[in-house]
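See structure below.
The values are calculated or read from the model by the stated rules, or taken from the named source; none is laboratory data. What you are looking at is a predicted structure, and each value in this text was computed from that prediction instead of being measured. Cβ placement follows ideal geometry from the backbone for every residue including glycine, while neighbour counts extend to all protein chains displayed.
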Amino acid sequence: MQSKLKQQKLTLFSVLLLVLFTFPFISVANRAAMFAGVPVLFLYILIVWIITIVVLYRIAEGKQKRPDE
């Protein structure tokens, strides 16, 4: 039961990532502006990437309930 829920969370998160890396979202960050000397597009990709790693870790290492509890 737990792995089915985990699989559903991973699938939903994959679809969300696909949406975040499509043209409309990338084009919002793709401008000539700089933030702390770094282009906004690079920051957008870096931040999404870091959040992805954290969320995937939390999903993969989620607490599993033992059957006897």
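Numbers below:
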read-out	value
Selection count, the range 22-57, where residues are over 10 Å from the mean Cα position of the chain (by Cα) and on the phi < 0 side of the Ramachandran plot	24
Top-ranked residue of the range 9-32 - restricted to ones that are out of contact with any helix residue (DSSP H, G or I) (no Cβ under 8 Å at 6 or more places or on another chain) and not in a helix (DSSP H, G or I), ranked as farthest from W49 (Cα to Cα)	A32
Total residues in the range 1-12, condition within 27 Å of Y44 (Cβ to Cβ) and either surrounded by 12 or more Cβ atoms within 10 Å (Cβ to Cβ) or touching a residue at least 60 places away in the same chain (Cβ under 8 Å) (or both)	2
Members of the range 46-64 found to be of a type in the set (V, I, T) and either touching a residue at least 24 places away in the same chain (Cβ under 8 Å) or part of a loop (DSSP other than H, G, I, E, B) (or both), listed by number	V48, T52, V55, I59
Top-ranked residue in the range 33-43 [being farther than 22 Å from L56 by Cβ and in contact with a strand residue (DSSP E or B) (Cβ under 8 Å, 6 or more places away or on another chain); ranked as surrounded by the fewest Cβ atoms within 10 Å (Cβ to Cβ)]	A33
Unique residue being surrounded by 11 or more Cβ atoms within 10 Å (Cβ to Cβ), β-branched (V, I, T) and at pLDDT 95 or above when the list is V54, V15, V28, V48	V48
